[in-house]
Structure formats: C-alpha cells, structure tokens
Amino acid sequence: MERSVWEILRTGGTVGRDTPGHDEYDRALTECIEKRRRYNTQPLSAEERRAALSDLLGYPVDEMTKVVPPFHCDQGFNIKLGKNVLINYGCVLLDTGEIRIGDNVLIGPGVKIVTAKHSLNADERRDWSVSCSPVRMEEDVWVGAGAVILPGVTIGARSVIGAGSVVTKDVPPDVVVGGNPAKVIRSLYHFSHQKAH
C-alpha cells in the first residue's frame, strides 16, 4: 500500500514532484493560500478572526491566543498553538513538519520558524524535493523580533531568543540565547525559581 506524502514526511522521508500523491501536497498548499488570504486581508471582527484562524489551523484556537496579520504558513494544519499565545506581525511558520508552540509563548514580529529541509546535493534539489524536522517551543518562551528557528529545534521552557538570532540547535530551559548561530548568553534560572522560595 502506498504511503501518503504526509506519512512520508512525518517519518523522515523525502517528497519530490515525482512522489506518488504529490498532488495532495500541492492541493493543501493552494487551500492554505486561500485561507491565509481571507485571514490576512479581510476586515474581520475579533470573533471572526479567531474563527478564520481556527479554520486555517484546523482546530478551535484558544480565545486568548492572538496571531496578528499578516501571517504566513505552508499548510496550517501542522501548527499546534497552546493557550495565551501571541504571534506578532509578519511571522512565517513554514509548517511542512509539525510546529508545536506551548502555552504563554510570545513571538515577536518577523520571526521565521522553518521545518522544511532540502538536500545538499544539487541534483536532488532539481525536483524541489523536501524533507522536514519538527520544531517545538515549550511554555513561556519569548522569541525576539526577526529571529529564525531552524528545523528540528526544541526551545526549552521560559527561555528567551534574542532578536535577530538564528537558532540552529536545541535551547535548554531558562536561558537567553543570541547571535548567529545562537549561543547561550546567560541563565534565567534565578528568575524562573524565585516563586518557589
């Protein structure tokens, strides 16, 4: 039995234009473009905007979660947002793979979260073959403006990503990281454990 393109991608495989079922991938991209267009360009009330976002992502979005348009994504249904999440203007979530964002996460303007990867082999890139690795953000993360989060990264709870940083590897909980590639600048352990004492 033939595997779907989504199963291939979820299990670490590669999908190209010649992969059986690739038209399903293209159809999902087109549907997402139409839903994004409505979300980003229509004058909607707060309630209508939340309904449009829920339609784009495929589940009821928490009423305290806010995604400020313009907002761009690839599929929509691979994005899982927790409660009380704020995603600011002009963010791009390239959700070929799953992007899971925990409760109380703040994402600054112009942030890019990328799950898609291409081969280093130029011949293999000619049919736009793609694979992916999921991105995870645990609760209470703050991502500064213009940061880029690359495929396969997990950001630990309460950590802060400095503006303009390029995050290429996992970030532990309770730290500030910055730079390109992002490195740990300081610990936030003291702040995150103040309430315990």
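Only the coordinates and a few stated rules stand behind these numbers; no lab work does. Everything numeric here is computed off the predicted structure, so don't read it as measured data. A quick note on method: Cβ atoms are made from the backbone with ideal geometry, for glycine too, and the neighbour counts reach across all protein chains shown.
For LYS66, what residues show an amide H to amide H distance below 5 Å, using hydrogens built from the backbone and excluding near sequence neighbours? Under 5 Å from the amide H of LYS66 lie the amide H atoms of VAL85, LEU86, ILE87, each far enough along the sequence or on another chain.
Close amide H contacts of LEU188 (hydrogens built in the peptide plane, cut-off under 5 Å, sequence separation of 5 or more or a different chain): VAL175, VAL176. Applied to the range 139-156, the Karplus parametrisation 6.51 cos²θ - 1.76 cosθ + 1.60 on θ = phi - 60° returns per-residue 3J(HN,Hα) values of 5, 6, 6, 10, 10, x, 3, x, 6, 10, 10, 8, x, x, 7, 10, 10, x Hz, with x for Gly and Pro. From most to least packed by mean Cβ count within 10 Å, the peptides 50-56, 178-184, 161-167 give 161-167, 50-56, 178-184. Angle of helix 22-41 to the longest C-alpha principal axis of the chain, folded into 0 to 90 degrees and rounded to 10: 50°. Post the alpha-carbon centroid distance, the range 9-78 to the range 82-98, in whole angstrom. Value for the Cα centre distance between the two parts: 11 Å. Charges were assigned to the Cβ only: +1 to each Lys and Arg, -1 to each Asp and Glu. The resulting dipole of the range 5-196 about its Cα centre is roughly 620 debye.
Suppose a student asked you for the relative contact order of the chain, using Cα pairs under 8 Å spaced at least 6 residues apart; what percent would you report? Could you put the intermediate results ahead of the total?
Working: 482 pairs, mean separation 25.8, N = 197.
So the answer I get is 13 percent.
Per residue, how much space in cubic angstrom lies within the convex hull of the C-alpha atoms of the chain? Please report the intermediate quantities before stating the final value.
Numbers: hull volume 25.3 nm³, N = 197.
That works out to 129 Å³ per residue.
For the range 70-137, which chymotrypsin sites (Phe, Trp or Tyr not before Pro) are in a loop by DSSP, counting at most 14 other Cβ atoms within 10 Å? Qualifying residues, ordered by number: TYR89, TRP128. Residues whose amide H lies under 5 Å from that of VAL171, counting only those 5 or more places away or on a different chain, are THR154, ILE155, GLY156; hydrogens are built 1.01 Å from N in the peptide plane. Our coupling estimate for the range 45-60, obtained by passing each phi through the Karplus curve with A = 6.51, B = -1.76, C = 1.60 and θ = phi - 60°, is 5, 4, 5, 5, 5, 5, 5, 5, 5, 4, 5, 5, 8, x, 7, x Hz, Gly and Pro reported as x. Cross-link partners for LYS35 among the lysines, with Cα-Cα distance under 18 Å and sequence neighbours closer than 8 places in the same chain left out: LYS66, LYS80. Free of any GluC sites (Glu not before Pro) that DSSP assigns to a loop and that have at most 14 other C-beta atoms within 10 Å, the longest stretch within the chain is 64-197. What the phi angles of the range 113-119 give under the Karplus curve with 6.51, -1.76 and 1.60, with θ = phi - 60°, is a coupling list of 10, 10, 10, 7, 9, 10, 5 Hz, glycine and proline written as x.
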